[in-house]
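One structure is given below, encoded as structure tokens.
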Amino acid sequence: MGASYTAVGWNRQKKNYDWLIAVFCLGYLGIFISITLLFNEQATFETLLLRSTSTLAILLLHVILAIGPLCRINTKFLPLLYNRRHLGVTMFSLALVHGCFGIFQFHALGNTNAVVSLFSSNTNYNSLAAFPFQALGFFALLIFFLMAITSHDFWLHNLSPKVWKTLHMFVYLGYLLVILHVMLGVIQFEKNPLFVLILSIGSCTLVVLHLTAAFKEKKLDDRLFALQQNGFVYVCNSDEIEDSRAKIFCIDKERIAVYRHENKLYAIHNVCKHQGGPLGEGKILDGCITCPWHGYQYLPQNGQSPPPFKEKVNTYNLKVIKNKVWLNPVPLAEGTERPGVTIM
Amino acid sequence: MIKGLRSRHRQIWMVWAILLPAGILLAWLAIPDQQPIRLLQSPVISPLPEIVQSGSLPDYSINLRSNRTRSEWQLEWFNKKVLQVPSAVVYQVNNKNGSFNPVNAKLIGRIEAQGDYWFPVPMDSSINKPLNLVLYDFIHNKIIDSIQLKQK
């Protein structure tokens, strides 16, 4: 959380995260190159560079895409989400090395412009086996480039979270293009079924994780609240909510987090203003509701970020009658002060 | 995340659950059967007994071989160094001094790595004269070397 522009708001967690990424990447590259040279002494520098960076980028892409659903399924994975964008930029950098070197190696040494050559040297668009797979990789790289350059919070604020999120959902298209780039490219020459198996396992894992998380969320969204009284909906008993934690309810279209703090209940909109993180899955730290994704904070009584920050979320009316919690799903204006409801 | 965005994620992955396996399967089925590599040079060829003509350059030495009845002819090519070009083919030309055009020349074989090569040479009356050879880089359309063999 920052009140002014800084390139990277470094803290201990971010440094540890980045060290881990660097050690993992260097370790992977070292092991990949050593094993390749062990089994194929004739492997050239070009081959080693192209293959080591591409396989690492694909591995990181799978990890990146798995983090989101894993966090929805189990909150223990949340630390991985905290600095996921650095992982994304690392993945893009590796893909860029692979892409640029590939273009240089296969297209830059001829008479035609390298990018023109990329699209004109193979035009077998009607053949699967001879499909111009490099074009698929080029477009995937373009998507990752747009994501990498807009990954900073500066762009998130300027584009608005909705536009930013929509733009970053193109990663799924990028992933599909990468899979087809590999399958219609190297797999057509390296016929070992092990490569197809590894790629299939990776894709299936992602599909299963995303659908499992999606249907878990859908169950929460589809829950019906039948008992209504003067616009208030019965949601749960007060003792079902742990202290400094929340329960999330989806009434009509939006999710609302009901927090318990120092024997009082507060209701705020569940969606963080930063990147849409689930505020109800966070906890109260230093008297503030803290988003589990990136640590954005809001005061429970008015949904405002503590000064000098300016983010605000909607608050909601609550009442407790005989230990039963009743919630009015009509949102109050963002930042509206509501005193907590005391639990009897 | 808002409900609309959650639904969009779900819809995308439901479509991807079909597209990803289908794409992988189709691409796998599209892998072409391996074509046998046909070399210009027969791998089991053995040198004929008599050297009829020969020549030498710093990077190669060349012999024209035949059997006793002169019914078979063979070009023997010793490649002393690795070639510095991606492609090199040997052509037989009729006129040593005339301009070279691959269309009018007779292709004998392809030279690749360092080593020894034997190419069958079709029976021809010109074989009684000194053989003119051109080593040609057909990617860059460039003559690498030319040599005229001498009678033994």
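The values are calculated or read from the model by the stated rules, or taken from the named source; none is laboratory data. Predicted, not measured: the structure shown is a model, and the values here were computed from it. Glycine gets a Cβ as well: all are built from the backbone with ideal geometry, and neighbour counts include every protein chain shown. For the accessible areas, the whole protein counts, side chains as well, though only heavy atoms, and no ligand, DNA or RNA atoms are used. Shrake-Rupley method; radii C 1.70, N 1.55, O 1.52, S 1.80 Å.
So the values come out like this:
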{"item": "B versus A: buried accessible surface, summed, Å² (probe 1.4 Å, to nearest 100)", "result": "2900"}
{"item": "Over segment A:105-152: Rg over Rh, Cα atoms, Kirkwood Rh", "result": "1.09"}
{"item": "Charge dipole magnitude, Cβ of K and R +1, D and E -1 - chain A, Cα centre, debye nearest 20", "result": "720"}
{"item": "Among the listed pairs B:LYS81/B:LYS106; A:LYS15/A:LYS312; A:LYS253/A:LYS283; A:LYS14/A:LYS76; A:LYS162/A:LYS247, those beyond 19 Å (Cα-Cα)", "result": "B:LYS81/B:LYS106; A:LYS15/A:LYS312; A:LYS253/A:LYS283; A:LYS162/A:LYS247"}
{"item": "Distance in nm between pseudo-label sites at A:GLN228 and A:GLU262 (7 Å out along the Cβ direction from Cα)", "result": "3.5"}
{"item": "Segment A:62-152: radius of gyration over Cα atoms, expressed as a fraction of 2.2 N^0.38 Å", "result": "1.41"}
{"item": "Principal axis box of the protein assembly as shown, alpha-carbon based, largest edge first, Å", "result": "118, 41, 37"}
{"item": "Accessible area (Å², 1.4 Å probe, nearest 10) - A:THR55", "result": "50"}
{"item": "At least 50 Å² accessible surface lost relative to isolated chain, residues of segment A:168-206 (1.4 Å probe)", "result": "A:MET169, A:TYR172, A:LEU176, A:MET183, A:GLN188, A:LYS191"}
{"item": "At most 14 other Cβ within 10 Å, DSSP loop - chymotrypsin sites (Phe, Trp or Tyr not before Pro), segment A:56-147", "result": "A:TYR125"}
{"item": "Computed E for A:LEU220/A:ALA129 - FRET, C-beta separation, R0 56 angstrom, nearest 0.05", "result": "0.75"}
{"item": "Dipole magnitude of segment A:221-344, debye to nearest 20 (Cβ charges: Lys/Arg +1, Asp/Glu -1, about Cα centre)", "result": "200"}
{"item": "Rg/Rg_globular for segment B:50-151, with Rg_globular taken as 2.2 N^0.38 Å and Rg from C-alpha atoms", "result": "1.01"}
{"item": "Percent accessible area from carbon and sulfur atoms, segment B:50-151, protein chains only, probe 1.4 Å", "result": "49"}
{"item": "Å² of accessible area per residue within chain A, as computed with a 1.4 Å probe and no ligands counted", "result": "52"}
{"item": "Protection proxy ranking, peptides A:11-23, B:77-89, A:241-253, average beta carbon neighbours within 10 Å, highest first", "result": "A:241-253, B:77-89, A:11-23"}
{"item": "Pairs of Cα atoms farther than 11 Å apart, segment A:142-182, %", "result": "62"}
{"item": "Kirkwood-based shape ratio for segment A:103-226, expressed as Rg/Rh from alpha carbons", "result": "1.10"}
{"item": "Lys/Arg +1, Asp/Glu -1 at C-beta; chain A dipole; positive extreme among A:PHE144, A:VAL89, A:LEU209", "result": "A:LEU209"}
{"item": "B:GLN114/A:PHE39 FRET efficiency (R0 30 Å; Cβ-Cβ; nearest 0.05)", "result": "0.80"}
{"item": "Of A:LEU318, A:LEU279, A:PRO292, farthest towards positive along the dipole that unit charges on Lys, Arg, Asp, Glu beta carbons give segment A:261-344", "result": "A:LEU318"}
{"item": "Per the protein assembly as shown, cysteines lacking a partner by the 4.7 Å Cβ criterion", "result": "A:CYS25, A:CYS71, A:CYS100, A:CYS204, A:CYS236, A:CYS250, A:CYS288"}
{"item": "Area projected by the alpha carbon convex hull of segment A:178-319, averaged over all directions, nm²", "result": "12.2"}
{"item": "Accessible surface of chain A [probe 1.4 Å, protein heavy atoms]: carbon and sulfur percent", "result": "64"}
{"item": "A:GLU337 versus A:ASP239: modelled label distance in nm, points set 7 Å from Cα along the beta carbon direction", "result": "3.4"}
{"item": "222 nm mean residue ellipticity, helices alone, for chain A (DSSP H n ≥ 4; -39,500 (n - 2.57); rounded to 500)", "result": "-16500 deg cm²/dmol"}
{"item": "Range of Cα positions in segment A:12-227 per principal axis (Å), largest first", "result": "72, 39, 39"}
{"item": "B:LEU26-A:PHE106 pseudo-label distance in nm [points 7 Å out on the Cα-to-Cβ vector]", "result": "2.0"}
{"item": "Zone residues, segment A:291-321, relative to A:LEU167, backbone N less than 17 Å from point 7 Å out along Cα-to-Cβ", "result": "none"}
{"item": "Accessible-area value, A:THR290, 1.4 Å probe, nucleic acids and ligands omitted, Å²", "result": "20"}
{"item": "Mean residue ellipticity (222 nm) of chain B, computed from DSSP H runs ≥ 4 via -39,500 (n - 2.57), nearest 500", "result": "-6500 deg cm²/dmol"}
{"item": "Folded to 0 to 90 degrees: helix B:3-29 orientation relative to chain B principal axis, Cα", "result": "30"}
